[in-house]
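Read through the structure below, which is laid out as C-alpha cells, and then see the notes.
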Amino acid sequence: MDSEDDMHDANDVESMDDDEGFYSDEMGMDYYGSDDDVDVDFGEDNEGIKRIEASRAENNFIILKESDIKQRQEEDITSVSTVLSISRAASSILLRYYNWSVSEVHEAWFADEDKVRKTFGLLKKPVIQLPSSRELTCGICFEAFHRGSIRSAACGHPFCCACWEGYIRTSISDGPGCLILRCPDPSCGAAVGQDMITMLVSDEDNRKYSQYLLRSYIEDNKKTKWCPAPGCEYAVNFVGDDENYDVSCLCSYGFCWNCTEEAHRPVDCSTVSKWIMKNSAESENMNWILANSKPCPKCKRPIEKNQGCMHMTCTPPCKFEFCWLCLGAWSDHGERTGGFYACNRYEAAKQEGVYDETERRREMAKNSLERYTHYYERWASNQLSRQKALADLHQMRTVHMEKLSDIQREPESQLKFITDAWQQIVECRRVLKWTYAYGYYLPEQEHAKRQFFEYLQGEAESGLERLHQCAEKELQQFLSADGPSKEFIDFHTKLAGLTGVTKNYFENLVSALENGLSDVDSQAACSGSSSKNGGSSKAKGGKGKGRAGGSSKNIDSAGMWTCEYCTYANSKQSTTCHMCHHQRR
C-alpha cells in the first residue's frame, strides 16, 4: 500500500513534528476529544482548548463564540449600511432576507433598488400624509391620542404606543417570525425595523428580539451551523471544500458538517443515515420474532421457546396447548407421535415439503439477524471503548502526567508522547467503529473487495489493540514506581513507535475506504492485462520484480530492513517484525 518514500523508522519517531496531526492535513479535524455519548468535563484544562484554537487556521472550519457572532453580524450590518447609504435597521432587514450574504444584498440592490425596496417594505416616503391636528386617531383601538403618543413606520400609518407595544410583544412571543414584522395595517407591507422595536417594548422583549436576530445569523447562513452537542452555544463557520466535512467544536464534540451526525469519516453520510435508521427500525425486531418465535395456532401471538419439551401452552386468556414443531393441538399427540421431545407428524410433513417455505423464511431471518448482530455488536463495542479512552485521556492529562513527571524526573513536555498515543487511540476507535457500518453495507457478491476490506480492517484493529494495551497496561508499572526507571526509555520508544505504526495502518484504511476500495479493481485490471500479454515479465527475458523473495531491496544503508506491513525498521538479523510480528519477506 505505501511507497518506500513513506516508510519511516519507528525508533526516530520522537523527531516527528509535534504539531503534526493524527492524519494528513486533509483530515481537517482535531481528534482528541469528540464524542456525543460520553460526558467528560475538561474543567480547567485550558491546554486542550488552546490546542484546538491554535489548529483552527489549518482546518476547514472556524469556531465562533457568541462574541464572535455579534462582531461579525455588526460588521456585516455596518458594511451594508455604509455602502448603500441606508439605516442600520434597514440593513439588518435586507441581510436577514438574503441569508446574511453581503454580496447578494449588494448585487440585488444595485441591479434594481426600487424592486428591493418594494419587496421588503423599505419605503422612501410615507404612503399617507398625517393631518396637522394636535390629536390623531389610532388605527387599531380607534381612540384619539395626542400627536406625541402616536408612532408610525415608514408608511405613515398612525398607531398609539400601547397598541404598538402589544402588537410587537405578541409577535416576539410567537417566535423568530418577529424578524420580518410589517406594519399592523392589513393593506400595508412597510417593514418594522429594530430601531422602532427597541423604542417601544420592554428590555426583556428587546433581549428576546436580539437573541432571535443573533440566532438567525447562524441558522439562515449557508456556511454556519450551531454545534449539535446538547447545551453547546458555539457555532461553526465552514470554510473548507466539499470533500471533508468533519469538524470539532471547542466543547470537544466532533460532528459531520454535512449531516450533523457525529463525525464518521471515512464512511459517507448516506451509509451513516442508513445505519442509524437500521439501528432504530422495527425491522430487526420483526426479524428476531420471525427467527426465534412461532405464532400460537389459535390466537397468533408470537411465542418463544427457550428450553423444555415440545408441549407448549399459550398465555392466558388463550391457554391453547400445542406442539412446538408441527403447531398441531397437543391433544392429538402422545407416545404414538414421539412423546414430549419429538414429533413424527412434523418429520413426515417435513419430508413432504410442507414446511419448506416457512423454514426458509425463518432461516433467512435468522441469517440476516446474525449478520446484523455481528456488525452492530462490534460497532457498539468500539463506541464504548472510545468513551473509556476519552475518560482515560482526561485522567492522563489532569492526574497522571504530573505524577509521572515527578517519578521519572522529566518535564511534562517530554511526556507528550503518552497523550499523543491516547489521542490516536480515541480517533482510531472512532474510525474503526464506523468501518463496521461500512462492512455491513458492502455487497456480499464483491468477494475481492470484501477480503481486501477485512484484511485492512483486521490489520488496523490488531495494531490498535497493541497500542491500547501498551498505553493502558504497560504504563502502570511506571506510575507505581518509586523513582526513575531505565526501562522507561524503552517504553518511550515502543509507545511512540506503536503510535506511528497504528497511525499508518489507519491512514491506509481511511484512504482505501474513501477511494471505494478501488485498489482491488485496479489490481484486477492489471491481472487481466498481464494475462492477455502472455503472463509475466519473464516472457520478455527478464527475471521479474515481484515482492516475493524479498529481501535485500528493503535493507537500507544502516543495515535495517523495513516491514512491508507497518513500515517499522528492524535490525538486519531479525526475521520477524518487532512491531507487528509479520514474517520478513
With surrounded by 18 or more Cβ atoms within 10 Å (Cβ to Cβ) and polar (S, T, N, Q) as the only criterion, which of 198, 224 stands out? 224
Residue that is closer than 20 Å to residue 78 by Cα and either in a strand (DSSP E or B) or not hydroxyl-bearing (Ser, Thr, Tyr) (or both), where the choices are 100, 164: 100
Out of 195, 185, which single residue is assigned to a loop (DSSP other than H, G, I, E, B) and either aliphatic (A, V, I, L, M) or modelled with pLDDT under 95 (or both)? 185
Could you identify the single residue in 171, 103 that is in contact with a Cys (Cβ under 9 Å, 6 or more places away or on another chain) and without any contact (Cβ under 8 Å) to a residue 12 or more places away in the chain? 171
Filter result (outside any loop (DSSP other than H, G, I, E, B) and surrounded by fewer than 18 Cβ atoms within 10 Å (Cβ to Cβ)) within the stretch 140-150: 144, 146, 147, 148, 149
Can you tell me which of (1) open to solvent by less than 60 Å² (accessible area, probe 1.4 Å); (2) under 21 Å from the mean Cα position of the chain (by Cα) is the one residue 441 doesn't meet? (1)
Would you mind telling me which numbered condition in (1) of a type outside the set (Ser, Thr, Tyr); (2) farther than 17 Å from residue 181 by Cα; (3) buried (at least 18 other Cβ atoms within 10 Å of the Cβ); (4) assigned by TED's automatic domain parsing to the domain that holds residue 215 residue 121 fails? (2)
The stretch 271-283, subset modelled with pLDDT of 60 or more and charged (D, E, K, R), residue most open to solvent (accessible area, probe 1.4 Å): 274
Which of the residues that make up the stretch 244-261 are touching a Lys or Arg at 6+ places or on another chain (Cβ under 9 Å) and either without any contact (Cβ under 8 Å) to a residue 24 or more places away in the chain or assigned to a helix (DSSP H, G or I) (or both)? 256
Is it the case that some residue within the stretch 158-168 is within 21 Å of residue 194 (Cβ to Cβ), open to solvent by less than 40 Å² (accessible area, probe 1.4 Å) and of a type in the set (Ser, Thr, Tyr)? no
Answer with yes or no whether residue 128 is in the same structural domain as residue 156 (by TED's automatic domain parsing), over 19 Å from residue 180 (Cβ atoms) and in contact with a strand residue (DSSP E or B) (Cβ under 6 Å, 6 or more places away or on another chain). no
Among (1) farther than 30 Å from residue 120 by Cα; (2) in a helix (DSSP H, G or I); (3) open to solvent by less than 30 Å² (accessible area, probe 1.4 Å), the one test that residue 264 misses: (2)
With in contact with a Lys or Arg (Cβ under 9 Å, 6 or more places away or on another chain), more than 28 Å from residue 509 (Cα to Cα) and at pLDDT 90 or above as the only criterion, which of 203, 220 stands out? 220
For helices (runs of 4 or more DSSP H) lying entirely in the stretch 434-516, having 2 or more residues that are aromatic (Phe, Trp, Tyr) and assigned by TED's automatic domain parsing to the domain that holds residue 417 picks out 447-469, 487-514
Go through (1) open to solvent by 40 Å² or more (accessible area, probe 1.4 Å); (2) within 41 Å of the chain's Cα centre (by Cα) one by one and return the number of the condition residue 238 breaks. (1)
Considering only the stretch 393-422, state which residues are open to solvent by 30 Å² or more (accessible area, probe 1.4 Å) and more than 21 Å from residue 483 (Cβ to Cβ). 394, 395, 397, 398, 416, 420
Scan the stretch 78-91 residue by residue and report those that are open to solvent by 10 Å² or more (accessible area, probe 1.4 Å) and assigned to a helix (DSSP H, G or I). 78, 79, 81, 82, 83, 84, 88, 89, 90
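The values are calculated or read from the model by the stated rules, or taken from the named source; none is laboratory data. For clarity, every value in this text was computed on a predicted model and none was experimentally measured. Positions of Cβ are backbone-derived with ideal geometry, glycine not excepted, and every protein chain shown enters the neighbour counts. Side chains are part of the model used for accessible areas, which takes the heavy atoms of the whole protein and leaves out ligands, DNA and RNA. Shrake-Rupley method; radii C 1.70, N 1.55, O 1.52, S 1.80 Å.
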